[in-house]
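The values are calculated or read from the model by the stated rules, or taken from the named source; none is laboratory data. Note that the structure is predicted; figures quoted are calculated from it, not measured. Positions of Cβ are backbone-derived with ideal geometry, glycine not excepted, and every protein chain shown enters the neighbour counts. Surface accessibility is based on the protein's heavy atoms, side chains included, excluding ligands, DNA and RNA. Shrake-Rupley method; radii C 1.70, N 1.55, O 1.52, S 1.80 Å.
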Amino acid sequence: MNTRQWLEKLVAFDTTSRNSNLELINTVKDYLDSFGLQSWLTMNPEGNKANLFATLPASNGETQGGIVLSGHTDVVPVDGQDWHTNPFQLVEKDGLLYGRGTCDMKGFIASALALLPEWTKQQRNKPIHFALSYDEEVGCAGAPVMIDELKKRGQRVDGCVVGEPTSMRVVVAHKGINLFTCKVHGKAAHSSLTPRGCNAIEHAARLICHIRDLADYYRQQGPFDDKYDVPFTTMTTNLIEGGIAVNTIPEACTFKYEFRNLPGIPVEEIQSKVERYVQEELLPRMQKEFPDAKVEITSNSRAPGLEASEKAAITALVRALTRDNEVRKVAYGTEAGLFEQIGIPTIVCGPGNIEQAHKPNEFISLEQLDECDNFLRKLVASL
């Protein structure tokens, strides 16, 4: 199958993050197995999702070193979006291919799978690795499981290309992403007896405002990196739930917040400012109203930022192949920082424009897929 045909097959799997991706993973694994690739899976705790890591050895059978081609298999929901076509059926119109995941990021995966028959016939001094992950869209939850297994197996890799949509331009840095859930526990009471309760929503609101104050501080004081479209660390609260009735003091309130830190700013430094406020100001105030009041903050997921070295061989190689020497940094997160964190030099480069990602009527152009095919051909030929 060619790249378009593979993309049609991949898009047809509804791998929205809330769903299993096993049907897609098993289809790809069977295909890779048919070429004799060595592969293994790592599962989520529930056993309904899997990462796939597979290796096409070098011509002499060597499996150490080489380059990883990395992509996530999950996609974001289509709920409530105004799609003009079936989002899980590839539709071509005027040189564009429509469907959920075409851009983010099944196009890159399709290209790599379509080229495998060619690569098996070529002489290679280094192996090629395929790394497909689950749950990237909900905080890069799957890739750490695969990367832990990589370390246990002693797998060495020379470099990694994460094929997120960059319009086939080189991205050498992105921010980290850190997701937290905060549960505020107060005391319920009839709203006519307000002093007898402890209003969880109101106290949660104080913490949310503090998070906004921290966000304003980073926006005004930095540090800054003008290579990013948003050149400072951001913090924001995006979901909140609390209360049971308009005449009841709410006993509980839960909200979720995130921050996207510039590489080099420690996660702990930022989060400690939130927790210090809770311990020194918010909780003492709450416990004057209700001694058993409490605030619980849990980390949902963390994905480190990426700051690729210009001296790394993979950076120089991809720049040479794409003829792109611009220093390009992005605010969105990827799994690249996770590979970089364990010593695998990594860059981001893939087909499609990030502006199409997550939107209704997501698309990728045939031209971008062709460009990706050509890039991957040259990348593997360089081995």
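A few points about this structure:
- Within the set LEU52, LEU37, the sole residue that is touching a residue at least 60 places away in the same chain (Cβ under 8 Å), on the phi < 0 side of the Ramachandran plot and touching a Pro at 6+ places or on another chain (Cβ under 9 Å) turns out to be LEU37.
- Selection status of ALA200, crowded, with 18+ Cβ neighbours inside 10 Å, touching a strand residue (DSSP E or B) at 6+ places or on another chain (Cβ under 6 Å) and over 19 Å from ALA293 (Cβ atoms): no
So that you can scan it fast, the table gives a plain yes or no per residue for (1) open to solvent by less than 40 Å² (accessible area, probe 1.4 Å); (2) modelled with pLDDT of 95 or more:
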residue: TYR277; (1), (2): yes, yes
residue: PRO284; (1), (2): no, yes
residue: LYS288; (1), (2): no, yes
residue: ALA308; (1), (2): yes, no
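- Scanning segment 169-183 for any residue that is farther than 25 Å from SER17 by Cα and surrounded by fewer than 19 Cβ atoms within 10 Å (Cβ to Cβ) turns up at least one such residue.
- Segment 88-133, residues that are over 25 Å from LEU366 (Cα atoms) and either without any contact (Cβ under 8 Å) to a residue 12 or more places away in the chain or open to solvent by 10 Å² or more (accessible area, probe 1.4 Å) (or both): LYS121, GLN122, GLN123, ARG124, ASN125, LYS126
- Residue in segment 317-335 that is more than 22 Å from the chain's Cα centre (by Cα), within 21 Å of ARG156 (Cα to Cα) and surrounded by 15 or more Cβ atoms within 10 Å (Cβ to Cβ) present: yes
- Filter result for PHE53 (open to solvent by less than 10 Å² (accessible area, probe 1.4 Å), among the hydrophobic types (A, V, I, L, M, F, W, C), at pLDDT 95 or above and in contact with a His (Cβ under 9 Å, 6 or more places away or on another chain)): yes
- Search result, residues across segment 231-255 that are in a loop (DSSP other than H, G, I, E, B), surrounded by 13 or more Cβ atoms within 10 Å (Cβ to Cβ) and of a type outside the set (Asp, Glu): PRO231, PHE232, THR233, GLY243, PRO250
- Residue under evaluation ASP79, criteria (1) in contact (Cβ under 8 Å) with a residue 24 or more places away in the chain; (2) open to solvent by 10 Å² or more (accessible area, probe 1.4 Å); (3) of a type in the set (Asp, Glu), criterion not met: (1)
- Sub-7 Å Cβ pairs linking a first residue in segment 198-218 that is closer than 15 Å to THR237 by Cα and part of a helix (DSSP H, G or I) to a second residue that is aromatic (Phe, Trp, Tyr) and open to solvent by less than 10 Å² (accessible area, probe 1.4 Å), at least 6 apart or interchain, are ALA204/PHE255; ILE208/PHE255; ILE211/TYR257, ordered by first then second residue.
- Among the residues of segment 336-383, those identified as open to solvent by 10 Å² or more (accessible area, probe 1.4 Å) and of a type in the set (Asp, Glu) are GLU340, GLU355, GLU367, ASP370, GLU371, ASP373.
- Applying the criterion of at least 2 residues that are closer than 29 Å to TYR134 by Cβ to the helices (runs of 4 or more DSSP H) found wholly in segment 256-330 leaves 267-277, 313-322.
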